[in-house]
1. Failed condition for L2, given (1) more than 17 Å from the chain's Cα centre (by Cα); (2) at pLDDT 95 or above; (3) not aromatic (F, W, Y), with all others met?
2. Output the residues belonging to the range 1-40 that are at positive phi and surrounded by 15 or more Cβ atoms within 10 Å (Cβ to Cβ).
3. Find all pairs meeting these conditions: Cβ atoms under 8 angstrom apart; at least six residues apart or on different chains; first residue within the range 82-95 and modelled with pLDDT of 95 or more; second residue part of a loop (DSSP other than H, G, I, E, B).
4. Taking the range 96-110 only, how many residues are at pLDDT 95 or above and surrounded by fewer than 12 Cβ atoms within 10 Å (Cβ to Cβ)?
5. Give the residue, chosen from A107, A72, A76, that is out of contact with any helix residue (DSSP H, G or I) (no Cβ under 6 Å at 6 or more places or on another chain) and either among the hydroxyl-bearing types (S, T, Y) or under 19 Å from G19 (Cβ atoms) (or both).
6. Identify, from the list A51, A43, the residue that is buried (at least 16 other Cβ atoms within 10 Å of the Cβ), at pLDDT below 95 and in contact with a helix residue (DSSP H, G or I) (Cβ under 6 Å, 6 or more places away or on another chain).
7. Between residues in the range 26-50 that are closer than 28 Å to G8 by Cβ and residues that are at pLDDT 95 or above and among the acidic types (D, E), which pairs lie under 6 Å by C-beta distance while being six or more apart or on different chains?
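The values are calculated or read from the model by the stated rules, or taken from the named source; none is laboratory data. Predicted model, so just to flag it, every value in this text is computed and none were measured. A quick note on method: Cβ atoms are made from the backbone with ideal geometry, for glycine too, and the neighbour counts reach across all protein chains shown.
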Amino acid sequence: MLVLKSVGLFVVAALFEIGGAWLVWQGVREHRGWLWVGAGVLALGIYGFVATLQPDAEFGRILAAYGGVFVAGSLAWGMAMDGYRPDWGDIMGACICLAGIGVIMYAPRG
């Protein structure tokens, strides 16, 4: 059950961080305005809070694993929101990152 909670929190955190960064990008790079930037900053702040809810107490482990979530999630976000089409290197890299998350977060520890 803790693994499911952890995975769910990683997904929620990814939505807020990647979504927040995307909103800032849209506000600044696509000239959509400061309201978009402000919404992005708020979402990024919520991401920081959600990350603290992970069952594991090790900050370094959580952020290291989240890096892999960010890689895979960013590619998925780009596909959904911007029509990005990843190549085989993107897909393989994301798969390696996801495998790394499994090792970092869920490998048995003694």
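1. It fails just one condition, (2).
2. Hits for the range 1-40: nothing passes.
3. Pairs that qualify, where the first residue is modelled with pLDDT of 95 or more and the partner is part of a loop (DSSP other than H, G, I, E, B), are A94/P86.
4. 2
5. A76
6. A51
7. Between residues of the range 26-50 that are closer than 28 Å to G8 by Cβ and residues that are at pLDDT 95 or above and among the acidic types (D, E), the close pairs are Y47/E17.
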